[in-house]
Amino acid sequence: MSIDVKKLGIKELLFLFLNIKGEYENETVAKKGDEVPDYFIANTSIRNAHKNKKPKSNEFDQDEKQNFLTALNKYYIFKTNFILHSKDKIEIKFKNNSKLSISKLLGKLYDEIKVKQLKVKPKLFSKYFAIAAFAFRGSFDLSANFYTVDLHSSRISTKEDMSYLIKLLMLVDFNDRLNLNFRELQREGTKRATQFRINLKYFSENFLGELKKVNPYRYEQFKLNKDALDKKSDECRNGNIGFIGRVEFYLDHIVEEKDLDIRQLRKKLEFSVENDKENRKKRSNSARAFAISTKKEQCASCYKKYSTKDRSFKMKNGTWYFELHHVISFANWKIQTEDPDNYVKLCPTCHRALTPNRAEEKYQKEIIKNILEDRSVLKYVENVKNLEGSKKNPIDFVYELLK
(Lines give C-alpha, C1' and ligand atoms only; values in the text may rest on other atoms or scores of the structure.)
Protein backbone atom coordinates (compact mmCIF):
# COMPACT_ATOMS: atom_id res chain seq x y z
CA MET A 1 0.00 0.00 0.00
CA SER A 2 1.43 3.39 -1.01
CA ILE A 3 0.79 6.85 0.48
CA ASP A 4 -1.71 9.19 -1.21
CA VAL A 5 -1.34 12.38 0.83
CA LYS A 6 -4.36 14.05 -0.82
CA LYS A 7 -6.70 11.47 0.70
CA LEU A 8 -5.38 11.72 4.25
CA GLY A 9 -6.89 13.70 7.11
CA ILE A 10 -4.96 16.20 9.20
CA LYS A 11 -4.32 13.68 12.01
CA GLU A 12 -2.87 11.13 9.61
CA LEU A 13 -0.77 13.72 7.77
CA LEU A 14 0.76 14.95 11.03
CA PHE A 15 1.44 11.39 12.19
CA LEU A 16 3.33 10.54 9.00
CA PHE A 17 5.18 13.85 8.93
CA LEU A 18 6.43 13.40 12.48
CA ASN A 19 7.16 9.66 12.45
CA ILE A 20 7.79 8.32 8.96
CA LYS A 21 11.26 7.22 7.84
CA GLY A 22 12.72 5.20 4.99
CA GLU A 23 13.36 1.46 4.91
CA TYR A 24 15.72 -0.16 2.41
CA GLU A 25 15.85 -3.72 1.14
CA ASN A 26 19.58 -3.17 0.67
CA GLU A 27 20.77 -2.33 4.16
CA THR A 28 24.08 -0.91 2.86
CA VAL A 29 22.34 2.10 1.29
CA ALA A 30 23.13 5.36 3.08
CA LYS A 31 19.97 6.48 4.83
CA LYS A 32 19.96 10.17 3.99
CA GLY A 33 17.10 12.44 3.08
CA ASP A 34 17.88 12.41 -0.65
CA GLU A 35 18.00 8.61 -0.98
CA VAL A 36 14.95 6.75 -2.37
CA PRO A 37 13.82 4.06 0.09
CA ASP A 38 11.92 0.93 -0.90
CA TYR A 39 9.36 1.51 1.88
CA PHE A 40 8.19 4.23 4.20
CA ILE A 41 7.77 3.00 7.73
CA ALA A 42 6.83 4.28 11.17
CA ASN A 43 7.68 2.02 14.08
CA THR A 44 8.21 2.04 17.81
CA SER A 45 10.09 -0.37 20.00
CA ILE A 46 7.78 -1.18 22.89
CA ARG A 47 10.49 -2.47 25.18
CA ASN A 48 12.76 0.53 24.67
CA ALA A 49 9.99 3.08 24.74
CA HIS A 50 8.55 1.76 27.99
CA LYS A 51 11.55 0.41 29.86
CA ASN A 52 11.63 3.09 32.59
CA LYS A 53 9.09 3.48 35.39
CA LYS A 54 6.67 0.89 34.03
CA PRO A 55 3.45 0.81 36.03
CA LYS A 56 3.29 -2.98 35.94
CA SER A 57 5.90 -5.68 35.42
CA ASN A 58 9.01 -5.50 33.28
CA GLU A 59 7.16 -7.30 30.50
CA PHE A 60 4.78 -5.61 28.13
CA ASP A 61 2.00 -8.25 28.18
CA GLN A 62 -0.10 -9.34 25.21
CA ASP A 63 -3.22 -7.46 26.34
CA GLU A 64 -1.28 -4.21 26.56
CA LYS A 65 0.16 -4.72 23.09
CA GLN A 66 -3.26 -5.44 21.64
CA ASN A 67 -4.78 -2.41 23.37
CA PHE A 68 -2.07 -0.20 21.89
CA LEU A 69 -2.64 -1.64 18.39
CA THR A 70 -6.41 -1.31 18.64
CA ALA A 71 -6.15 2.29 19.82
CA LEU A 72 -3.76 3.26 17.01
CA ASN A 73 -5.88 1.67 14.29
CA LYS A 74 -8.99 3.39 15.61
CA TYR A 75 -7.42 6.84 15.98
CA TYR A 76 -5.44 6.94 12.71
CA ILE A 77 -7.31 5.84 9.59
CA PHE A 78 -5.03 4.48 6.89
CA LYS A 79 -5.76 1.92 4.16
CA THR A 80 -3.23 -0.30 5.87
CA ASN A 81 -3.06 -1.12 9.58
CA PHE A 82 -0.51 -0.88 12.34
CA ILE A 83 0.73 -4.38 13.13
CA LEU A 84 2.79 -6.11 15.78
CA HIS A 85 5.94 -6.65 13.73
CA SER A 86 7.73 -8.64 16.43
CA LYS A 87 7.30 -9.30 20.12
CA ASP A 88 8.45 -5.78 20.98
CA LYS A 89 7.84 -3.62 17.89
CA ILE A 90 4.72 -2.00 16.41
CA GLU A 91 4.88 -0.62 12.88
CA ILE A 92 2.95 0.64 9.88
CA LYS A 93 4.49 0.27 6.43
CA PHE A 94 3.89 1.72 2.97
CA LYS A 95 5.41 0.72 -0.38
CA ASN A 96 7.25 3.61 -2.05
CA ASN A 97 5.55 3.19 -5.44
CA SER A 98 6.16 6.84 -6.38
CA LYS A 99 9.92 6.50 -5.82
CA LEU A 100 10.09 9.53 -3.55
CA SER A 101 13.02 10.43 -1.34
CA ILE A 102 12.20 10.99 2.30
CA SER A 103 12.75 14.74 1.72
CA LYS A 104 10.29 14.77 -1.19
CA LEU A 105 7.70 12.93 0.87
CA LEU A 106 8.13 15.33 3.78
CA GLY A 107 7.63 18.22 1.35
CA LYS A 108 4.41 16.71 0.03
CA LEU A 109 3.13 16.02 3.53
CA TYR A 110 4.03 19.54 4.61
CA ASP A 111 2.23 21.13 1.65
CA GLU A 112 -0.92 19.10 2.32
CA ILE A 113 -0.83 19.86 6.05
CA LYS A 114 -0.64 23.57 5.23
CA VAL A 115 -3.77 23.19 3.08
CA LYS A 116 -5.81 21.27 5.64
CA GLN A 117 -4.70 23.07 8.80
CA LEU A 118 -6.57 26.14 7.59
CA LYS A 119 -9.80 24.24 8.20
CA VAL A 120 -8.82 23.26 11.76
CA LYS A 121 -9.02 25.53 14.79
CA PRO A 122 -5.53 26.35 16.15
CA LYS A 123 -6.22 24.66 19.50
CA LEU A 124 -7.30 21.43 17.79
CA PHE A 125 -4.32 21.54 15.43
CA SER A 126 -2.03 21.90 18.46
CA LYS A 127 -3.59 18.85 20.10
CA TYR A 128 -3.26 16.70 16.98
CA PHE A 129 0.34 17.82 16.57
CA ALA A 130 1.27 16.97 20.16
CA ILE A 131 -0.30 13.51 19.91
CA ALA A 132 1.33 12.77 16.54
CA ALA A 133 4.71 13.87 17.85
CA PHE A 134 4.77 12.09 21.20
CA ALA A 135 2.03 9.46 21.63
CA PHE A 136 3.57 6.85 19.31
CA ARG A 137 7.31 7.03 20.01
CA GLY A 138 7.52 9.36 22.99
CA SER A 139 9.78 8.49 25.91
CA PHE A 140 8.54 9.35 29.43
CA ASP A 141 11.31 11.00 31.49
CA LEU A 142 9.98 12.02 34.89
CA SER A 143 13.34 13.08 36.33
CA ALA A 144 14.05 15.54 33.51
CA ASN A 145 10.36 16.52 33.23
CA PHE A 146 10.31 15.93 29.47
CA TYR A 147 8.34 13.83 27.01
CA THR A 148 10.92 13.09 24.32
CA VAL A 149 11.28 11.78 20.76
CA ASP A 150 14.41 11.39 18.65
CA LEU A 151 14.57 13.16 15.29
CA HIS A 152 15.52 10.60 12.64
CA SER A 153 18.77 11.69 10.97
CA SER A 154 17.32 10.95 7.51
CA ARG A 155 14.50 13.40 8.22
CA ILE A 156 16.66 16.41 9.04
CA SER A 157 19.51 15.94 6.58
CA THR A 158 18.87 19.34 4.95
CA LYS A 159 17.88 22.76 6.21
CA GLU A 160 14.72 22.56 4.12
CA ASP A 161 13.66 19.33 5.85
CA MET A 162 14.16 20.95 9.23
CA SER A 163 12.44 24.16 8.17
CA TYR A 164 9.25 22.22 7.41
CA LEU A 165 9.13 21.05 11.02
CA ILE A 166 9.98 24.47 12.42
CA LYS A 167 7.29 26.24 10.38
CA LEU A 168 4.67 23.81 11.67
CA LEU A 169 5.90 24.36 15.21
CA MET A 170 5.14 28.04 14.76
CA LEU A 171 1.47 27.12 14.32
CA VAL A 172 1.04 25.31 17.64
CA ASP A 173 0.12 27.16 20.81
CA PHE A 174 2.71 25.46 23.03
CA ASN A 175 6.08 26.15 21.39
CA ASP A 176 7.21 27.93 24.57
CA ARG A 177 6.96 24.52 26.25
CA LEU A 178 9.27 22.86 23.71
CA ASN A 179 12.99 22.16 23.73
CA LEU A 180 15.65 20.90 21.31
CA ASN A 181 18.37 18.80 22.91
CA PHE A 182 21.52 18.94 20.76
CA ARG A 183 22.92 15.50 21.46
CA GLU A 184 25.31 15.97 18.55
CA LEU A 185 27.16 18.35 20.86
CA GLN A 186 27.49 16.03 23.83
CA ARG A 187 31.05 15.43 24.93
CA GLU A 188 30.96 11.65 24.82
CA GLY A 189 31.68 11.68 21.10
CA THR A 190 29.00 9.09 20.30
CA LYS A 191 26.84 10.13 17.36
CA ARG A 192 23.30 10.52 18.69
CA ALA A 193 20.11 12.01 17.32
CA THR A 194 18.82 15.40 18.33
CA GLN A 195 15.88 15.16 20.70
CA PHE A 196 12.64 17.06 20.36
CA ARG A 197 11.02 17.50 23.79
CA ILE A 198 7.90 18.91 25.45
CA ASN A 199 7.44 19.73 29.12
CA LEU A 200 6.01 16.58 30.72
CA LYS A 201 3.68 18.31 33.17
CA TYR A 202 2.33 20.63 30.47
CA PHE A 203 1.60 17.64 28.22
CA SER A 204 -0.16 15.87 31.09
CA GLU A 205 -2.34 18.89 31.87
CA ASN A 206 -3.36 19.54 28.27
CA PHE A 207 -3.30 16.34 26.22
CA LEU A 208 -3.86 13.42 28.59
CA GLY A 209 -7.44 12.79 27.47
CA GLU A 210 -6.37 12.58 23.83
CA LEU A 211 -3.38 10.40 24.73
CA LYS A 212 -5.74 7.82 26.24
CA LYS A 213 -7.35 7.35 22.81
CA VAL A 214 -4.01 6.59 21.15
CA ASN A 215 -1.74 4.95 23.71
CA PRO A 216 -3.63 3.50 26.72
CA TYR A 217 -0.41 2.22 28.28
CA ARG A 218 1.29 5.59 28.27
CA TYR A 219 -1.89 7.17 29.60
CA GLU A 220 -1.74 4.83 32.60
CA GLN A 221 1.89 5.78 33.16
CA PHE A 222 0.92 9.45 33.38
CA LYS A 223 -1.94 8.67 35.76
CA LEU A 224 0.22 6.55 38.06
CA ASN A 225 2.81 9.33 38.25
CA LYS A 226 0.26 12.09 38.85
CA ASP A 227 1.47 12.96 42.36
CA ALA A 228 5.06 13.36 41.17
CA LEU A 229 3.97 15.37 38.12
CA ASP A 230 1.93 17.74 40.29
CA LYS A 231 5.16 18.82 41.97
CA LYS A 232 6.85 19.59 38.66
CA SER A 233 6.97 22.93 36.85
CA ASP A 234 5.17 23.41 33.55
CA GLU A 235 7.83 25.87 32.39
CA CYS A 236 10.47 24.86 29.85
CA ARG A 237 14.07 25.95 30.33
CA ASN A 238 15.70 27.18 27.12
CA GLY A 239 18.02 29.83 28.51
CA ASN A 240 17.71 33.46 27.47
CA ILE A 241 17.67 32.62 23.77
CA GLY A 242 14.43 30.65 24.12
CA PHE A 243 13.16 27.84 21.93
CA ILE A 244 13.32 29.93 18.75
CA GLY A 245 16.91 30.86 19.52
CA ARG A 246 17.83 27.19 19.92
CA VAL A 247 16.12 26.39 16.63
CA GLU A 248 18.05 29.12 14.84
CA PHE A 249 21.31 27.88 16.34
CA TYR A 250 20.52 24.35 15.18
CA LEU A 251 19.74 25.50 11.62
CA ASP A 252 22.78 27.75 11.38
CA HIS A 253 25.43 25.53 12.95
CA ILE A 254 24.41 21.86 12.93
CA VAL A 255 22.07 20.91 10.06
CA GLU A 256 24.02 20.03 6.87
CA GLU A 257 27.30 20.70 8.66
CA LYS A 258 30.06 18.08 8.62
CA ASP A 259 32.98 17.62 11.01
CA LEU A 260 31.36 19.61 13.80
CA ASP A 261 33.77 21.35 16.14
CA ILE A 262 31.89 20.33 19.27
CA ARG A 263 34.02 22.36 21.65
CA GLN A 264 33.62 25.59 19.69
CA LEU A 265 29.89 25.07 19.12
CA ARG A 266 29.29 24.41 22.81
CA LYS A 267 31.21 27.57 23.61
CA LYS A 268 29.22 29.53 21.02
CA LEU A 269 25.92 28.22 22.35
CA GLU A 270 26.84 29.19 25.90
CA PHE A 271 27.89 32.62 24.62
CA SER A 272 24.52 32.99 22.89
CA VAL A 273 22.66 32.18 26.07
CA GLU A 274 24.54 34.84 28.01
CA ASN A 275 24.55 37.61 25.43
CA ASP A 276 21.37 37.39 23.36
CA LYS A 277 18.94 38.45 26.08
CA GLU A 278 18.28 41.94 24.73
CA ASN A 279 17.34 40.73 21.24
CA ARG A 280 15.34 37.64 22.18
CA LYS A 281 13.52 38.54 25.34
CA LYS A 282 11.11 40.98 23.70
CA ARG A 283 9.91 38.54 21.04
CA SER A 284 6.43 37.47 22.04
CA ASN A 285 5.21 35.82 18.84
CA SER A 286 7.11 32.78 17.61
CA ALA A 287 5.99 32.98 13.99
CA ARG A 288 7.00 36.64 13.88
CA ALA A 289 10.35 35.90 15.50
CA PHE A 290 11.05 33.07 13.08
CA ALA A 291 10.16 35.26 10.10
CA ILE A 292 12.44 38.04 11.34
CA SER A 293 15.38 35.68 11.66
CA THR A 294 14.91 33.65 8.47
CA LYS A 295 13.52 36.02 5.84
CA LYS A 296 16.22 37.60 3.69
CA GLU A 297 17.48 41.06 4.62
CA GLN A 298 15.79 42.74 1.69
CA CYS A 299 12.43 44.21 0.78
CA ALA A 300 10.30 41.39 -0.59
CA SER A 301 8.83 43.76 -3.16
CA CYS A 302 11.36 46.27 -4.45
CA TYR A 303 14.79 44.66 -3.89
CA LYS A 304 15.25 44.05 -7.63
CA LYS A 305 14.47 47.65 -8.54
CA TYR A 306 16.00 49.74 -5.76
CA SER A 307 19.05 49.63 -3.54
CA THR A 308 18.13 49.08 0.11
CA LYS A 309 19.98 52.26 1.12
CA ASP A 310 17.59 54.28 -1.05
CA ARG A 311 14.50 52.84 0.61
CA SER A 312 15.48 52.30 4.24
CA PHE A 313 18.10 53.14 6.87
CA LYS A 314 20.53 51.35 9.11
CA MET A 315 19.66 50.84 12.75
CA LYS A 316 22.07 51.20 15.67
CA ASN A 317 22.97 47.50 15.51
CA GLY A 318 24.15 47.91 11.92
CA THR A 319 21.28 46.05 10.23
CA TRP A 320 18.86 47.55 7.75
CA TYR A 321 15.41 48.50 9.00
CA PHE A 322 12.51 46.50 7.55
CA GLU A 323 8.89 46.23 8.60
CA LEU A 324 7.15 42.89 8.94
CA HIS A 325 3.95 42.64 6.93
CA HIS A 326 1.07 40.14 7.05
CA VAL A 327 0.31 39.25 3.43
CA ILE A 328 -3.19 38.28 4.56
CA SER A 329 -3.97 40.35 7.61
CA PHE A 330 -5.17 38.97 10.91
CA ALA A 331 -8.30 41.12 10.68
CA ASN A 332 -9.61 39.14 7.70
CA TRP A 333 -9.60 35.61 9.08
CA LYS A 334 -10.55 33.48 12.05
CA ILE A 335 -7.92 30.99 10.90
CA GLN A 336 -4.27 30.82 11.88
CA THR A 337 -2.59 33.78 10.20
CA GLU A 338 0.40 33.78 12.57
CA ASP A 339 2.27 31.63 10.08
CA PRO A 340 5.88 32.32 9.00
CA ASP A 341 4.73 31.94 5.38
CA ASN A 342 2.25 34.78 5.86
CA TYR A 343 4.99 37.24 6.82
CA VAL A 344 7.31 39.22 4.54
CA LYS A 345 9.88 41.92 5.16
CA LEU A 346 9.14 45.22 3.42
CA CYS A 347 10.96 48.52 3.29
CA PRO A 348 9.03 51.39 4.94
CA THR A 349 7.99 52.79 1.55
CA CYS A 350 6.44 49.58 0.24
CA HIS A 351 4.80 48.84 3.58
CA ARG A 352 3.17 52.27 3.76
CA ALA A 353 2.08 51.97 0.15
CA LEU A 354 0.00 48.90 1.05
CA THR A 355 -2.15 50.90 3.44
CA PRO A 356 -5.74 50.69 2.09
CA ASN A 357 -6.69 53.54 -0.24
CA ARG A 358 -3.28 55.19 0.10
CA ALA A 359 -1.45 54.25 -3.12
CA GLU A 360 -2.90 53.68 -6.57
CA GLU A 361 -4.42 50.25 -7.17
CA LYS A 362 -1.93 49.49 -9.95
CA TYR A 363 1.03 50.18 -7.66
CA GLN A 364 -0.39 48.19 -4.77
CA LYS A 365 -0.96 45.21 -7.04
CA GLU A 366 2.61 45.51 -8.34
CA ILE A 367 3.90 45.26 -4.76
CA ILE A 368 1.68 42.23 -4.10
CA LYS A 369 2.83 40.59 -7.34
CA ASN A 370 6.46 40.95 -6.26
CA ILE A 371 5.72 39.58 -2.77
CA LEU A 372 4.07 36.50 -4.26
CA GLU A 373 7.25 35.55 -6.11
CA ASP A 374 8.21 33.86 -2.84
CA ARG A 375 6.92 30.31 -3.34
CA SER A 376 6.11 29.68 0.31
CA VAL A 377 4.10 32.90 0.55
CA LEU A 378 2.25 32.15 -2.70
CA LYS A 379 1.45 28.66 -1.43
CA TYR A 380 -0.03 30.07 1.77
CA VAL A 381 -2.19 32.53 -0.17
CA GLU A 382 -3.37 29.82 -2.57
CA ASN A 383 -4.31 27.58 0.35
CA VAL A 384 -6.44 30.32 1.90
CA LYS A 385 -7.93 31.23 -1.48
CA ASN A 386 -8.89 27.60 -2.15
CA LEU A 387 -10.41 27.33 1.33
CA GLU A 388 -12.68 30.27 0.48
CA GLY A 389 -13.47 28.86 -2.97
CA SER A 390 -12.31 32.12 -4.56
CA LYS A 391 -11.85 32.21 -8.34
CA LYS A 392 -9.74 35.38 -8.20
CA ASN A 393 -6.07 35.22 -9.12
CA PRO A 394 -3.75 35.44 -6.07
CA ILE A 395 -2.86 39.10 -6.67
CA ASP A 396 -6.49 40.25 -6.83
CA PHE A 397 -7.36 38.02 -3.90
CA VAL A 398 -4.74 39.60 -1.63
CA TYR A 399 -5.56 43.11 -2.90
CA GLU A 400 -9.24 42.72 -2.00
CA LEU A 401 -8.24 41.75 1.55
CA LEU A 402 -5.98 44.72 2.33
CA LYS A 403 -7.05 46.11 5.69
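Specify the residue that is surrounded by the most Cβ atoms within 10 Å (Cβ to Cβ); the eligible residues are those in the stretch 139-155 that are outside any strand (DSSP E or B) and of a type in the set (Gly, Ala, Ser). Ranking the qualifying residues of the stretch 139-155, first place goes to Ser154.
Here is a yes/no grid of residues against (1) in contact with a Pro (Cβ under 7 Å, 6 or more places away or on another chain); (2) small (Gly, Ala, Ser); (3) closer than 20 Å to Ser163 by Cα; (4) at pLDDT below 75:
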| position | (1), (2), (3), (4) |
| --- | --- |
| Asp234 | no, no, no, no |
| Gly239 | no, yes, no, yes |
| Glu257 | no, no, yes, yes |
| Arg266 | no, no, no, yes |
| Lys281 | no, no, no, yes |
| Ser307 | no, yes, no, no |
| Ser312 | yes, yes, no, no |
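If only residues of the stretch 355-365 that are basic (Lys, Arg) and without any contact (Cβ under 8 Å) to a residue 12 or more places away in the chain are counted, the one that is most open to solvent (accessible area, probe 1.4 Å) is Lys362. Just to be sure before I move on: is Ile328 β-branched (Val, Ile, Thr) and in a helix (DSSP H, G or I) in the structure I sent? Against the criterion (β-branched (Val, Ile, Thr) and in a helix (DSSP H, G or I)), Ile328 does not qualify. Annotation: of all residues in the stretch 64-113 being at pLDDT below 95, in a helix (DSSP H, G or I) and β-branched (Val, Ile, Thr), the one that is farthest from Glu35 (Cα to Cα) is Thr70. Among the residues of the stretch 351-379, those that are among the hydroxyl-bearing types (Ser, Thr, Tyr) and at pLDDT below 95 comprise Thr355, Ser376. Out of Lys167, Lys87, Lys119, Lys114, one residue alone is touching a residue at least 40 places away in the same chain (Cβ under 8 Å) and surrounded by fewer than 16 Cβ atoms within 10 Å (Cβ to Cβ). It is Lys119. If you check Lys159 against the conditions, is it surrounded by fewer than 21 Cβ atoms within 10 Å (Cβ to Cβ) and not acidic (Asp, Glu)? It is true that Lys159 is surrounded by fewer than 21 Cβ atoms within 10 Å (Cβ to Cβ) and not acidic (Asp, Glu). Just one of the numbered conditions (1) within 30 Å of Leu142 (Cβ to Cβ); (2) at pLDDT 65 or above; (3) β-branched (Val, Ile, Thr) is not true of Thr294: (1). Within the stretch 127-138, residues that are open to solvent by 10 Å² or more (accessible area, probe 1.4 Å) sit with their Cβ atoms under 8 Å from residues that are basic (Lys, Arg), at 6+ positions apart or across chains, in these pairs: Tyr128/Lys11. Any residue at all in the stretch 205-228 that is part of a helix (DSSP H, G or I), farther than 13 Å from Asn145 by Cα, of a type in the set (Ser, Thr, Tyr) and at pLDDT 85 or above? Looking through the stretch 205-228, at least one residue is part of a helix (DSSP H, G or I), farther than 13 Å from Asn145 by Cα, of a type in the set (Ser, Thr, Tyr) and at pLDDT 85 or above. None of Arg358, Arg288, Arg311 is in contact with an Asp or Glu (Cβ under 8 Å, 6 or more places away or on another chain) and among the charged types (D, E, K, R) except Arg288.
For the stretch 299-318, the condition holds for no residue, the condition being that it is closer than 23 Å to Leu169 by Cα and either under 31 Å from the mean Cα position of the chain (by Cα) or surrounded by 11 or more Cβ atoms within 10 Å (Cβ to Cβ) (or both).
If you go through the stretch 4-26 one residue at a time, how many are farther than 27 Å from Phe140 by Cα and either at pLDDT 90 or above or not in a loop (DSSP other than H, G, I, E, B) (or both)?
The number of residues fulfilling the criteria is 6.
Within the stretch 154-175, the residues that satisfy the criterion of being out of contact with any Lys or Arg (no Cβ under 7 Å at 6 or more places or on another chain), at pLDDT below 85 and closer than 22 Å to Ser139 by Cβ are Ile156, Met162, Ile166, Asn175.
The listed residues are Val36, Val29, and the only one of them that is at pLDDT 70 or above and either assigned to a strand (DSSP E or B) or not aromatic (Phe, Trp, Tyr) (or both) turns out to be Val36.
Selection within the stretch 366-403: residues that are under 12 Å from Ala300 (Cα atoms) and among the hydrophobic types (A, V, I, L, M, F, W, C). The member of this set that is surrounded by the fewest Cβ atoms within 10 Å (Cβ to Cβ) is Ile368.
The values are calculated or read from the model by the stated rules, or taken from the named source; none is laboratory data. This one's a predicted model, so the numbers in the text were calculated from it and none came from an experiment. Using ideal geometry, Cβ is built from the backbone for each residue, glycine included, and neighbour counts are taken over all protein chains shown. Ligands, DNA and RNA are stripped out before the accessible areas are found, and what is left, the full protein with its side chains, is counted by its heavy atoms. Shrake-Rupley method; radii C 1.70, N 1.55, O 1.52, S 1.80 Å.
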